[in-house]
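Values quoted throughout were computed directly from the atomic coordinates according to the rules given, and no laboratory measurement underlies them. Just so you know, these numbers come straight off a predicted model, no measurement behind them. With ideal geometry, Cβ positions are generated from the backbone for all residues, glycine too; neighbour counts draw on all protein chains shown.
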C-alpha cells in the first residue's frame, strides 16, 4: 500500500529528486527482501531464506533504511531510550560499578549514547548510516565493527549494547565473534530483539518467524533458545517500543520483545563449542 503522507513528506523535504530516489530505493528493497520465507536453525532462530548478500544488505542500510526513516533519526532521544538506559544502569549497577568504555552497536539515532555521555563514559558507536558526534570529545562513530577494531586495536568495552539490530544480520556470529574480542572479561552484552515465538500468534502478528513469514528487513528471527545457549539472563516484554510501553512479562508466550544480558564466560563457552575462538 502506498503511504501518501510519507510520499508528501519526502517531496516536501527532498523535492522531486528525493521522491525519484525514494522509488528507486523501494524497488531495490523489494528486490533483495521481497518474496522470502524463513528457515529454522538449530541454534534457536529462524533466518530469511534465501538470505540476501552482505553487499546488498550493506547498500540497503547505507542508502535505503535511513533514507526512509530520516524523520526518526532526527530524534535525539525517544522514550524507549530512557527505558533502555534505566535497564542498563540497573544491570550494570551504576553508578557504583566502574564503566569506562560503552559500545552502542547499531546506534541508529544514538539516543542511549547521548544519555550516557554526560556521565563521563567513553562512547563508541557503530552505525552504517552515520551518527552525529556534535564534535564531542570521547564520542566516537564508526560505520562497521572492523573499522572500530582497526582504529582501536587494544580497546575493551565494559558494556556492549544493541537495540533491535541483531535481527538485521546475516549471521548472529558476525556480531558475537568480534564482540568476545571487544568485551572486557567483567563486561556485559545487553541486547533487545523481537521475540518471534509467541504461543498463539493471531492475524495481527507481524514479527515473523514462527508464522513462516518475514518482517521488513529482519533477516534473523530469535527465540529464547538462542540466548540460553549463551548462558544469558533473559527478560520478556510486551507493549510497543515506539511508545516506550514496556510491561514486563513472565514468559515468551505473549511477549513482543526479549532482552538478553550476556557475560564473557557464557559467550566464550558458546563459541568454544563451535571451535570459533581464535
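Note on segment 79-272: the alpha carbon radius of gyration divided by the globular reference 2.2 N^0.38 Å gives 1.00.
Between residue 138 and residue 9, the simple spin-label model (points 7 angstrom out along Cα→Cβ) gives 3.6 nm. Distance between the modelled labels on residue 23 and residue 233, one decimal in nanometres: 5.3 nm (7 Å Cα→Cβ projection).
Restricting the calculation to alpha carbons of segment 122-184 gives Rg and Dmax of 11.8, 34 angstrom. Cut-off 13 Å, label point 7 angstrom out along Cα-to-Cβ of residue 94: give me the residues of segment 123-162 whose amide nitrogen falls inside. Answer for segment 123-162: 123-124, 158-162. Counting only DSSP beta bridges whose two residues both lie in the chain, roughly 55 percent are antiparallel. Gyration tensor over the Cα atoms of segment 1-50: the corresponding equivalent ellipsoid has semi-axes (square roots of 5 times the eigenvalues, largest first) of 33, 11, 9 Å. Eigen-decomposition of the gyration tensor built on the alpha-carbon atoms of segment 201-278 gives equivalent ellipsoid semi-axes of 27, 16, 11 angstrom, largest listed first.
Using the 10 angstrom Cβ neighbour count as an exposure proxy, how do 135, 225, 158 rank, fewest first?
With the fewest neighbours first, 135, 225, 158 line up as 135, 225, 158.
Projecting label points 7 angstrom from Cα along Cα→Cβ for residue 269 and residue 173 puts them 2.0 nm apart. Can you compute log10 of I(q)/I(0) for segment 180-232 with the Debye formula, treating each Cα as one identical point scatterer, at q = 0.14, 0.17 Å⁻¹? With one equal scatterer per Cα and no solvent, log10 I(q)/I(0) is -0.48, -0.64. Considering only alpha-carbon pairs that sit under 8 angstrom and 6 or more positions apart, the relative contact order computed for segment 79-272 is 19 percent. Each of 127, 86, 29 was scored by other Cβ atoms within 10 Å of its Cβ. Listed from fewest to most, they are 86, 29, 127. Across all Cα pairs in segment 144-253, the calculated P(r) in 5 Å bins from zero up to the longest distance comes to 2, 10, 18, 23, 19, 13, 8, 5, 2, 0 percent per bin. Quick check: Cα centre of segment 219-267 to Cα centre of segment 159-185, how many Å? If we compute the Cα centre of each part, the gap is 15 Å.
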